[in-house]
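Quick notes on the structure that follows.
The values are calculated or read from the model by the stated rules, or taken from the named source; none is laboratory data. Remember, it's a predicted structure, so these values are computed and weren't measured experimentally. Neighbour counts run over all protein chains shown; Cβ positions are idealised from the backbone, glycine included. Each accessible area value is taken on the protein alone, full model and side chains, heavy atoms only, with ligands, DNA and RNA left out. Shrake-Rupley method; radii C 1.70, N 1.55, O 1.52, S 1.80 Å.
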Amino acid sequence: MTDLLTPAFATALLAGAITAGVPLLLAGLGEQMSQKAGVLNIGLEGMMLAGAYAAFVAAHGAGPWAGFAAGMLAGMAVAAVMAVMSVRFGLNQIVTGIALLLGVEGVTAILHHLKFATTYPRLSPVASWPLPGLAELPVAGPALFDRPAIVYGAIALVAAMAWIYRRTYFGLALQAAGERPSALDAAGGDVVRTRAAAVLAAGACAGLGGAFMSVVAAGIFVPFMTNGAGFIAIVLAMLARGRPLMVLCGALLFGACLSAATALQVAGVDAPVDIVQMLPFAAVLLVLALFGQGGALPAALGEAWRRGDPLGK
Amino acid sequence: MIVGPAAGHFLRVVAGPLLAALALTAIVLLLLGVDPAAYFRQVVQRGLLSPSGLQAAITRTAPLLFIAASLILAFRAGIWNLGGDGQYLLGAVVAAALAAPLAQALPLWLAWLACFAAAAAIGAAWSVLPAWLRAFRGVNEVVSSLMMSFLGLSLANVLIKFVFQDPGTTVPQTVTLPVADRLPRLLGGALPTGVLLGLLAVLMVHWVMTRTAFGTRLRIVGLNARAAAHAGLDVPGLTLAVFALSAGLAGLAGAVDVLGVQGNVRADWNPAYGLMVVPLVFLARFNGFGAIVFVFAFSVLSVGGESAARRLGVPNYVTLMIVAILLAGLAAGEVLDQRAARRRDAARAAGGEAAR
């Protein structure tokens, strides 16, 4: 048994936590907005997967930035279907989300099979933007401050989201759409449009998260590669109680669990892969059991809204 | 109006969406460079019209029916048990581990019964945490049951590789149950026992939910938990019961698949039936009879789709895509139909006003 407290292990764990945590952070921030508006966006996993595939294709042809843009657009495209079906038509949000996930799984696996099944191309690593001074710090430097620009962007998004929720009319409208949609309606707001905007934003964030997975973290697209990350992001958003900063903390925690396998390998510990794979989900359940009580979720979460609803939610 | 209300209803809810979904699928297949006519011909021929294909499609319904029963029970009680995949696979692994040794020690029927009981028990056990979190701490069960599902899939692999590994082979799998010891086929081989049991499970659940006091209580909890609590119903207790029954049925689905068809479980095997059946029972509006029809149709599609995939060189995932498209089409049809009904009601109300 080698020493777990070497700088190499610490760097690997921290770097891995960021690499695995950024997709969770992006998707979690998106889901948070969608949940605030009252839409439990179970299709998040599908939006991530669509983003991962589209980003891989675009990055393969035109570089990482084209990949990120394509990932966001693909996530938004899936989100648009979700918005039409569950917000505009008021269909069950959970079933719509599952159907979207199945559809995206099918479509991306087929496209991947037809385009790349024989070649399995790999993307070259995305160039990092070292922050002068900070990047030379011992353990944290290479893990935190010598990363691709998108990592800093994702962290900046936390602050941007907090600003939107606290300081803008849209943030207020989101909250009303989730807590008491009829109040928003009576105040002259548009519940359907607000919720649809939130779902589309969630799609863009989740698509970008998926893009990060395929373009930055893996450098390759594999069918079903999100493997539950979207669902973990949903839990993150639920536990964050509406606070973007909490999503960041959770994303790092679960990111560390997801990357534990690599870090343990660096430390020379040989744990069976199936047991290591259980770690993030076990951690999520543990956190849910400890802190999930009375999750302070929006009152109208998961409820379709139609004007003149007798329940008047 | 050109068509009567009933015909219009049928057109909007069944025929239109089906045709639209078929057309959309055909377009996608064309884009993929596959001849849609050849694809659909192959699906129908190999999934429905050829005796061996039809047989395979019927056999495949067995686990799907149990999962449909599991989901109908939970959904009608307002519980979103989405942990079916993990519960199914753990049930399958436990049944596979017990089947071979028990079949030698006990009379066959007793061995099968023990396997069923163990599979139902492990499935139910795997739902205790989400059930408890939902019943006593108000944690949304959608995500907790999904997390348990991912955990269960990995645990199943651990069990196969380190606990129940067949010592006779290096392939990571459980001991294979001899064909002679598997569940028999009834009616001269046409009807696998598992399918009969699956049909019984769906019909039982349908009957319990629509015709018994217990089912009525569950539906009240599902429709409005607060009202149910005011009416003196033990909501946490009923929640635990629903989860246990639903997850137990999912575990049985795994057992029936192993005892009837698979004979063993290999590592990393996961047919992922759990989430697949969710849209099907939803389209059937949680009605047992409707669910049987949809499950059979899906079975035909998936058996025929596999064959078409082999023949035409398209990946097997086309089935996944078709189900999603079909669901979107049927859901959109439902919405159009509701709108038409509302317009009709409005027109009738306006007509009534005028007559007065």
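What Kirkwood hydrodynamic radius do you get for segment B:1-147 when you take the inverse of the mean 1/r over all pairs of distinct Cα atoms, in Å?
Averaging 1/r across every pair of different Cα atoms and inverting gives 19.6 Å.
May I ask for the angle, rounded to the nearest 10°, between helix A:244-258 and the longest principal axis of chain A, with both axes built from Cα atoms and the value confined to 0 to 90°?
So the inclination is approximately 40 degrees.
If every alpha-carbon in the protein assembly as shown counts as one equal scatterer, what log10 I(q)/I(0) does Debye give at q = 0.06, 0.07 1/Å?
Debye output, listed in q order: -0.34, -0.47.
State, in square angstrom and to the nearest 100, the accessible area buried between chains A and B, both chains counted, probe radius 1.4 Å.
Using a 1.4 Å probe, the pair buries roughly 3900 Å².
With no solvent and one equal point scatterer placed on each C-alpha of segment B:121-247, evaluate the Debye formula and give log10 I(q)/I(0) for q = 0.10, 0.13, 0.19, 0.20 Å⁻¹, two decimals.
Debye output, listed in q order: -0.52, -0.79, -1.11, -1.15.
Remind me, relative contact order of chain B in percent, using alpha carbon pairs under 8 angstrom and six or more residues apart?
Once divided by the residue count of chain B, the mean separation gives 34 percent.
Could you grab the relative contact order for segment B:134-193? Cα pairs under 8 Å, six or more apart, rounded to a whole percent.
15 percent
Working only with C-alpha atoms, what are the Rg and Dmax values of segment B:52-93, expressed in angstrom?
My reading of the Cα-based Rg and Dmax gives 12.5, 39 Å.
With the calculation restricted to Cα positions, what are the radius of gyration and Dmax of segment A:39-183 in angstrom?
According to the Cα coordinates of segment A:39-183, Rg and Dmax are 19.0, 56 Å.
After finding the eigenvalues of the alpha carbon gyration tensor for segment A:1-85, what semi-axes result from the square roots of 5 times each, listed largest first in whole Å?
Over the Cα atoms of segment A:1-85, the ellipsoid semi-axes are 31, 19, 9 Å.
Relative to the compact-globule scaling 2.2 N^0.38 Å, provide the ratio for the alpha-carbon radius of gyration of segment B:159-212.
1.75
Among the trypsin sites (Lys or Arg not before Pro) in segment A:69-176, which ones are in a DSSP loop with at most 12 other Cβ atoms within 10 Å of the Cβ? Mind listing them?
Those that pass, being in a loop and sparsely packed, are A:Arg122.
With each label point set 7 Å from Cα along the Cα-Cβ vector, what nm distance links A:Ile220 and A:Thr119?
The modelled label-to-label distance comes out at 1.5 nm.
On a full-extension model of 0.36 nm per residue, what is the gain between B:Ala231 and B:Ala7, subtracting their alpha-carbon distance, rounded to one decimal in nm?
76.5 nm
Please work out the average accessible area per residue across segment A:153-225, using the 1.4 Å probe convention, and give it in Å².
That works out to 41 Å² per residue.
When the convex hull of the Cα atoms of segment B:143-187 is projected onto a plane and the area is averaged over all directions, what value comes out in nm²?
Over all viewing directions, segment B:143-187 projects a mean Cα-hull area of 5.3 nm².
Just add up the charged neighbours of B:Ala227: K/R +1, D/E -1, any other residue whose Cβ is under 13 Å from the Cβ of B:Ala227.
+3
Calculate what fraction, in whole %, of the accessible area of segment A:59-126 sits on carbon and sulfur atoms when a 1.4 Å probe is rolled over the protein chains.
Heavy-atom surface of segment A:59-126 belonging to carbon and sulfur, 1.4 Å probe: 67 percent.
Rounded, prolate or oblate: pick one for segment B:287-342, where a ≥ b ≥ c are the square roots of the eigenvalues of its C-alpha gyration tensor, a/c under 1.5 means rounded, and failing that, prolate if a/b is larger than b/c, else oblate.
oblate
Could you calculate the FRET efficiency of B:Ala180 with B:Arg266 from 1/(1 + (r/R0)^6), where r is the beta carbon distance between them and R0 is 22 Å, rounded to 0.05?
0.55
Please state the charge dipole magnitude for chain B, taken about the Cα centre, from unit charges on C-beta atoms (+1 on K and R, -1 on D and E), reported in debye and rounded to the nearest 20.
That gives chain B a dipole magnitude of about 860 debye.
Please give the net charge around B:Val258, taking every other residue with its beta carbon less than 13 angstrom from that of B:Val258, where Lys and Arg add +1 and Asp and Glu add -1.
Summing Lys/Arg as +1 and Asp/Glu as -1 gives 0.
With N set to the number of residues, divide the alpha-carbon radius of gyration of chain B by 2.2 N^0.38 Å and report two decimals.
In units of the globular-protein estimate, chain B measures up at 1.09.
Rounded to a whole number of µm²/s, how large is the Stokes-Einstein D of segment B:234-356 at 25 °C and 0.890 mPa s, given Rh as the Kirkwood radius over C-alpha pairs?
134 µm²/s
Sketch the reach of a paramagnetic label on B:Val163 as a point 7 Å from Cα along Cα-to-Cβ, and name the residues of segment B:259-289 whose backbone nitrogen lies under 20 Å away.
B:259, B:263-271
Would you compute, for the Cα atoms of segment B:172-255, the largest minus smallest coordinate along each principal axis and list the three values in descending order, in whole Å?
On the principal axes, segment B:172-255 reaches 54, 35, 14 Å in Cα extent.
What accessible area per residue comes out for chain B, rounded to a whole number of Å², with a 1.4 Å probe?
The answer is 43 Å² per residue.
Kirkwood-based Rg over Rh for segment B:63-189 (C-alpha set), two decimals?
Over the Cα atoms of segment B:63-189, Rg/Rh equals 1.03.
Contour minus end-to-end for B:Arg137 and B:Phe40, with contour as 0.36 nm per residue of separation and end-to-end as the Cα-Cα distance?
Working it through step by step, the gained length comes to 30.0 nm.
Once you average over the residues of B:323-329, how many Cβ atoms of partner chains fall within 10 Å of each Cβ?
6
Under the definition of partner shielding as Cβ atoms of other protein chains within 10 Å of a residue Cβ, what is the mean value for peptide A:90-103?
Going residue by residue through A:90-103 and averaging, the value is 6.
Relative contact order of chain A: what whole-number percent is it, with Cα pairs under 8 angstrom and at least 6 residues apart?
Reported relative contact order: 39 percent.
Would you mind putting A:106-112, A:23-29 in packing order, based on average other-beta-carbon counts within 10 Å, highest first?
A:23-29, A:106-112
Return the Rg/Rh ratio of segment B:253-296 with Cα-based radii and a Kirkwood Rh.
For segment B:253-296, the value is 1.08.
Before rounding to the nearest 500, sum -39500 (n - 2.57) across all DSSP H runs of length at least 4 in chain A and divide by the residue total; then give [θ] at 222 nm in deg cm²/dmol.
Computed ellipticity for chain A at 222 nm equals -21500 deg cm²/dmol.
Provide the net charge surrounding A:Met225, with neighbours chosen by a C-beta distance below 12 Å and charges set as Lys +1, Arg +1, Asp -1, Glu -1.
Neighbour charge sum, excluding A:Met225 itself: -2.
For segment A:180-291, what is the Kirkwood estimate of the hydrodynamic radius, computed as the reciprocal of the mean inverse distance between distinct Cα atoms, to one decimal in Å?
16.5 Å
How would you order B:178-188, B:93-103 from highest to lowest mean count of nearby Cβ atoms within 10 Å?
Highest-to-lowest ranking by the protection proxy: B:93-103, B:178-188.
What Kirkwood Rh does chain A have if only Cα atoms enter the pairwise 1/r average? Answer in Å.
19.8 Å
Which peptide among B:106-113, B:203-210 comes first, and what is the full order, when sorted by highest mean count of other Cβ atoms within 10 Å?
Descending mean neighbour count gives B:203-210, B:106-113.
Across peptide A:280-292, what mean number of C-beta atoms from other chains lies inside 10 Å of a residue's C-beta?
5
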